[in-house]
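Trainee: Please find one structure pasted underneath; my questions will follow.
Bear in mind that the values in this text are calculations on the coordinates, not laboratory data. Note that this is a predicted model, so its numbers are computed, not measured. Neighbour counts are summed over all protein chains in view; Cβ atoms, including those assigned to glycine, are modelled from backbone coordinates with ideal geometry.
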Ligand code: GLA
């Protein structure tokens, strides 16, 4: 196994102002990710802050590989699912462990939409629909690393006109910054040379137990939303906007994920659990970055706050995890052992005039900020 064990002493000197911490981070070595594919270099990059919080990323899919945060026992836990080597990522059954997905994250019904009178057909990769940018979405691409520093990395991907069926050459930059407040700030900036649609999002599977195959049903979740977009049985929005009042989708009060997940509520039956788009109360209208969701795991004390300037968030409760992938440190991706919290525009927005526009025109700049902030409740 290729991993680098950094001991408490080494870390405490480097990151913790001399304070000794009885913990170790099992970081991966760069050599486990160094590979040339189609003439492009893939590698591994490590960000850390003075508190010892550490994130490793690869430019294969602009992807988060591990994310070490403090837990209440004084140790650090890695709270995202993933693999130990680039070869394992390239072979994985589930390709959505940690990447930036796009050009359009989430689903587009029948994989088509009409823009300025022209109908575009995208790759179909989820039943009869298009999911997360298609089979060759941004999460499968090798990004250029523009700059890399101790607490920040910037990557760029240029998506050619026609890729997966999308119009326009699109240039997307993603910037990850790790702050001294234990926030991983993800900023997206994009421009295009022809009208197109865009909705990139970050797709980590979080497990605040630390990655150890424990169910995420014990996580206590709050979502600052009072409406959602109902879907058909293939999770394509019908176009309606409904209240979550008196439904198991109401997370305005902190509630364990597992409490209502198996209720025979129609939306939960279609999603086989939670896999829905919540419309945030402020609905992106102000362009301000606001709190969208909060997750707390009592056994580790780890709190994850998700902040965004986007109008919505997809909460997916790991209902399609099959146990077929064996990840880091032998972790099996069993049913409901990871959750995704994807800040975004609404799914299928290009096909619904009443949803926020997902169109990007030449001369405009697309921007999005998502913050994953970690805290401790003791
Ligand atoms: C998203 C979708 C889910 C599932 C996962 C990937 O979160 O909403 O339905 O496809 O990605 O497994």
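Trainee: Pull out the extension gain between residue 189 and residue 265, defined as 0.36 nm times the separation in residues minus the alpha carbon to alpha carbon distance; nm, one decimal.
Mentor: Values: separation 76, 0.36 × 76 = 27.36 nm, distance 3.81 nm.
Here the answer is 23.6 nm.
Trainee: So, in nm, how far is label residue 75 from label residue 24 when the simple model puts each one 7 Å beyond its Cα toward the Cβ?
Mentor: 1.1 nm
Trainee: Given only helices, namely DSSP H runs of n ≥ 4 each adding -39500 (n - 2.57), what is the per-residue ellipticity at 222 nm of the chain, to the nearest 500 deg cm²/dmol?
Mentor: On the way: 3 runs with 20 residues, N = 378.
Calculated mean residue ellipticity at 222 nm is -1500 deg cm²/dmol.
Trainee: For a test of the definition: using alpha carbon positions, the gyration tensor, and the 1.5 limit on a/c, classify the chain as rounded, prolate or oblate.
Mentor: Values: a/c = 1.66, a/b = 1.24, b/c = 1.34.
Verdict is oblate for the chain.
Trainee: As a test of the definition: which semi-axes, in Å, follow for segment 169-303 when you take the square root of five times each eigenvalue of its alpha carbon gyration tensor? Largest first, please. Please report the intermediate quantities before stating the final value.
Mentor: Values: eigenvalues 143, 104, 44 Å².
Value: 27, 23, 15 Å, ordered largest first.
Trainee: Could you calculate the contour length gain from residue 171 to residue 112, that is, 0.36 nm times the residue separation minus the distance between their Cα atoms, to one decimal place in nm? Walk me through the numbers before you get to the answer.
Mentor: On the way: separation 59, 0.36 × 59 = 21.24 nm, distance 2.15 nm.
This chain segment gains 19.1 nm when fully extended.
Trainee: Return 63, 253, 107 ranked ascending by Cβ neighbour count within 10 Å, so the fewest neighbours appear first. Each step should come with its number before you reach the end.
Mentor: On the way: 63 25, 253 7, 107 22.
In increasing order of surrounding Cβ atoms, one gets 253, 107, 63.
Trainee: A further question follows. Could I have the simple spin-label model distance between residue 240 and residue 299, label points 7 Å from Cα toward Cβ, reported in nm to one decimal?
Mentor: My value for the distance between the label points is 3.8 nm.
Trainee: Can you sort 378, 77, 119 from fewest to most other Cβ atoms within 10 Å of each residue's own Cβ? Walk me through the numbers on the way to the answer.
Mentor: Numbers: 378 4, 77 24, 119 8.
Least to most surrounded, the residues fall as 378, 119, 77.
Trainee: Ok, one more. Taking neighbour counts of Cβ atoms within 10 Å as a proxy for exposure, in what order, fewest first, do 321, 81 appear?
Mentor: Values: 321 21, 81 29.
Arranged by neighbour count, lowest to highest, 321, 81 become 321, 81.
Trainee: Can you give me the distance in nm between label points at residue 253 and residue 36, each placed 7 Å from the Cα along the Cα-to-Cβ direction?
Mentor: With each label point 7 Å from Cα toward Cβ, the separation is 6.1 nm.
Trainee: Label segment 241-329 by shape, choosing from rounded, prolate and oblate, from the square roots a ≥ b ≥ c of the eigenvalues of the Cα gyration tensor; if a/c is under 1.5 it is rounded, and otherwise prolate applies when a/b is larger than b/c, oblate when it is not.
Mentor: On the way: a/c = 1.65, a/b = 1.22, b/c = 1.35.
Note, shape of segment 241-329 comes out oblate.
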